[in-house]
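Below is one structure, written out as structure tokens; the observations come after it.
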Amino acid sequence: MPNIILKPIGKVHNPIGKKRWEGWESVVSEIILSPRYEEALEGIEEYSHLLILFWISRTPARSRGRRLKIHPKSRPDLPLVGIFATRTQYRPNPIGLTQVQLLKRRKNILRVKGLDALNGTPVLDIKPISPRTEMPPKIRVPEWYHRLWKKPCR
């Protein structure tokens, strides 16, 4: 397979400096894009929600893709499942994807709510939410997913 080279388009700015398990939905962040992409943001403020792709840069390279199965959120009461069946950061390619609420755009800066990325995280891409494709009428999740959100983590 060919090597893939990704270049960040910006970075995350927020007060979160270390990993946390919960509470991301209330975090307000700024995504500061390179000024050269300001024009590429024209019209984005007409959307209420965006998808943010980012590089989970603080996951040590030695941890990436080593474990193929985990307990979701490190909870032993949940089943051991493949990493691709979870949202873990310990992936072969630590690419994060989060749906956020767009609060404001100012030039090359987006103010968003709900981004689960640490301060300084490199941003790879931004896509507006498309209700037609990102919001299927019926979604199926495994039974353990419901248990995950009933019992508080750590």
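Using the C-alpha atoms of the chain, what convex hull volume per residue, in cubic angstrom, is computed?
Looking at the chain, the number lands at 150 Å³ per residue.
What residue among His49, Ile16, Pro137 has its Cα farthest toward the positive end of the dipole of the range 1-141, where the charges are +1 on Lys, Arg and -1 on Asp, Glu, each on the Cβ?
Towards the positive end, the residue furthest out is Ile16.
By what distance, in whole Å, do the Cα atoms of the range 67-154 stretch along each of the three principal axes, largest value first?
46, 33, 25
Here, each number is a calculation from the coordinates, and none is a lab measurement. In this text the structure is predicted, and so the values were computed from the model without any measurement. Because the Cβ atoms are built from the backbone with ideal geometry, glycine has one as well, and the counts that use them run over all protein chains shown.
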